[in-house]
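Here is the structure we will look at.
Rule-based calculations on the coordinates, nothing more; no lab input. Everything numeric here is computed off the predicted structure, so don't read it as measured data. So basically every Cβ, Gly included, is an ideal-geometry build from the backbone, and we count neighbours across all protein chains shown.
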Amino acid sequence: MKMPVLAGISALAAPMLVAGLVLAQASGPVSSLRGVDVEDTVDVGEVYQQLEGRQVRNYRQQPPVIPHSMTQYQIDLRTNQCLSCHDWTNAGERGAPTLSMSHYLDRDGTQLDTVAGTRWFCTQCHVPQANAPELVGNTFEPSSSLH
C-alpha cells in the first residue's frame with residue numbers, strides 16, 4: 001500500500017519541480033537590493049569612525065556601549081575575547097570595567113563563577129559607539145531631562 005503512494009507522490013513531484021523552474025526563469029532577471037545591476041559598482045558612503053571614551057547612559061540599566069574597536073575580537077561558541085579583559089578574574093589587572101553580576105546568573109538565578117551562556121554573546125546588547133547619523137528617527141529623551 002505504501003509503495004503506490006510513494007510512487008504517485010514522486011511522479012507528481014518531478015513535473016512540479018520542472019514547472020517551478022520554468023516559472024522562475026520566465027519571471028525575469030535577478031534584481032539587486034541595491035537598486036543597480038549586479039555587475040555595477042556602487043560608491044560606499046562615508047565611513048564613520050569609532051568614538052573613544054565612555055558615553056553617558058540615557059536610562060537605568062541601559063547596556064553600556066563599547067568604547068573601543070571590536071574588529072579584532074572573536075566571539076563564537078567556544079571563544080569570547082571580551083572576557084580576556086572584562087571577566088572578574090582579569091578586569092582589575094587590565095584596568096577594564098568588570099561585568100555586572102547579572103552576567104554570572106543563570107536562568108534560575110543561580111550564581112556562577114563563569115559568564116552565563118545567556119550572556120555569552122556580548123554584542124546582543126552592547127554595540128560599538130560611533131559618530132554616525134541615526135538610521136531611524138528617534139525622539140527619545142532621558143527621564144532625567146524631563147524634570
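Brief remarks follow.
- Dividing the summed -39500 (n - 2.57) terms of all DSSP H runs of n ≥ 4 by the residue count of the chain sets its mean residue ellipticity at 222 nm at -7000 deg cm²/dmol.
- Going from the fewest other Cβ atoms within 10 Å to the most, the residues Arg54, Arg107 appear in the order Arg107, Arg54.
- Its Cα centre serving as origin, the chain has a Cβ charge dipole (Lys and Arg +1, Asp and Glu -1) of approximately 540 debye.
- Our summary of shape: the Cα atoms of the stretch 61-133 have principal axis extents of 40, 27, 25 Å, ordered from largest down, in whole angstrom.
- Full extension of the chain segment joining Gln25 with Val42 gains 3.5 nm, where the gain is 0.36 nm per residue of separation less the Cα-Cα distance.
- Of Glu39, Glu141, the sequence from fewest to most neighbouring Cβ atoms within 10 angstrom is Glu39, Glu141.
- Reduced Cα scattering model of the chain, Debye log10 I(q)/I(0), q = 0.10, 0.17 Å⁻¹: -0.69, -1.10
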